[in-house]
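Structure first, commentary second.
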Amino acid sequence: MGQMGELLTVTTGRTMGLAKGLLTGIDAKDFSRQPTAEGKRIDTNHPAFVYGHLALYPARVMAMLGRDGSAIACPPKYDELFAAGVPCAHDPDGSEHPPMDEIVSRFDQGYAALIEAVKNTDDATLTGPIQGNDRYREVFGTVGGAAGFMLHDHLMFHLGQVSAWRRMMGLGSVM
């Protein structure tokens, strides 16, 4: 283990605590529902989309680390529903999306495994170039750059969407 892995993961525990806290009080029947205001549906990402989308990335980052992420990889249906660029579908009866407990479990397991993997990755790997993904290499440059983004910026951006959704659904802030 090197210093970079520790630096990249030292605050991720706090972020994961926020991810868990944001789920407080959410009824499973509302997990894939977009809110309404004045009788109109608000086109915003609901928690099923956010946690499902985020669950896609731990296995991908594991591959960049040179590790096998197959145990935490999501099924192909997750890409169809939650990949970058796929619109968030309003699913008020929960028939199109996997259940809340499945999505949250995949999210939790994926990030727990990724955090441990990053912590235990040597500095040479983390400061090395991303192999096999030209887009990520262009944007992030190094494996550690991509891992840092996925463990911080990407998570917080989407968790902010859940925070806003909570308010629109009358659940209020978790802090």
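Each reported figure results from applying straightforward, stated rules to the coordinates on display, with no laboratory input. Predicted model only: the values in this text are computed from it and were never measured. Ideal geometry is used to build each Cβ from the backbone, glycine not excepted, and the neighbour counts take in all protein chains shown.
How big is the dipole moment of the chain about its Cα centre under a simple scheme where the beta carbon of each Lys and Arg is +1, that of each Asp and Glu is -1, and everything else is neutral? Debye, nearest 20, please.
300 debye
Quote the relative contact order of the chain in percent (integer), defining contacts as alpha-carbon pairs under 8 Å separated by 6+ residues. Present the calculation step by step, with values, prior to reporting the outcome.
Details: 230 pairs, mean separation 64.1, N = 175.
In percent, rounded to a whole number, it is 37.
Find out how many positive minus negative residues lie around residue 45, taking Lys and Arg as positive, Asp and Glu as negative, among other residues whose Cβ is under 14 Å from that of residue 45.
+1
Net charge near residue 82: determine it from the other residues with C-beta under 14 Å of the C-beta of residue 82, scoring Lys and Arg +1 and Asp and Glu -1.
Once positives and negatives cancel, what remains is -2.
Under 22 Å between alpha carbons: how many lysine pairs meet that in the chain, if sequence neighbours fewer than 8 apart on the same chain are excluded?
Details: 20/29; 20/119; 29/40; 29/77.
Step by step, the pairs that qualify in the chain add up to 4.
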